[in-house]
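What follows is one structure encoded as structure tokens, with my remarks underneath.
What follows is calculated from the coordinates using simple rules that are stated; it is not laboratory data. In this text the structure is predicted, and so the values were computed from the model without any measurement. Every residue, glycine among them, receives a Cβ derived from its backbone with ideal geometry; neighbour counts consider all protein chains shown.
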């Protein structure tokens, strides 16, 4: 995976300073040595994916929080810009819209689920809530054998620290905006 080393160093230093953490404290939280963290922050070392994951998990951030470049002040985008992430032979499509940014502690996706398709979501680490803003079709979320049904103009909100399943029990493609909110 190719990543922007400058973005990683800039983001790491900004997050550490915003949280008033010393390099020693950050090293203890992440399991990454103080010297390696200093080298990453100064751009003298390119971290491996494994190191980025350790830092993200220690700070309770998404992986993309360390990789994202700064965004312009104004942007206009389609819900379906870019290539989607897919599952179930393309029947479950996720379009990343707004990556995690430590300044707003959430990320946003446009999701499309074809009729009869389901997808099992893994539990999220930490205090994460999911908000599903349904703007077309029907969606069922199953959490611990409880079913929650929503349709266009509904929102389903839940704590995402448990396994959960998304499915489309309807006859048309379900379309929704998924927001992951990270409480620090």
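At 222 nm, what helix-only mean residue ellipticity would the chain give, in deg cm²/dmol to the nearest 500, using -39500 (n - 2.57) for each DSSP H run of four or more? Spell out each step's value before the answer.
Numbers: 5 runs with 45 residues, N = 184.
After summing the helix terms and dividing by residue count, I get -7000 deg cm²/dmol.
In terms of its Cα atoms, the chain spans 56, 35, 29 Å along the principal axes, sorted from long to short. Once the Cα-Cα distance is subtracted from the 0.36 nm per residue extended length, the residue 77 to residue 10 segment shows a gain of 21.6 nm.
Could you calculate the contour length gain from residue 135 to residue 60, that is, 0.36 nm times the residue separation minus the distance between their Cα atoms, to one decimal place in nm?
Gain on stretching residue 135 to residue 60: 24.0 nm.
Using a simple spin-label model with pseudo-atoms 7 Å out from Cα toward Cβ, residue 44 and residue 165 lie 5.3 nm apart.
What is the calculated FRET efficiency for residue 53 to residue 119, with r their C-beta to C-beta distance and R₀ = 25 Å, to the nearest 0.05? It would help to have the intermediate numbers written out before the result.
On the way: r = 23 Å, r/R0 = 0.91.
With R0 = 25 Å, the Cβ-Cβ based efficiency is 0.65.
Note on residue 105/residue 143: beta-carbon distance plugged into 1/(1 + (r/R0)^6) with R0 of 22 Å gives a FRET efficiency of 0.45. For the stretch 85-182, the direction-averaged projected area of the alpha-carbon convex hull comes to 5.8 nm².
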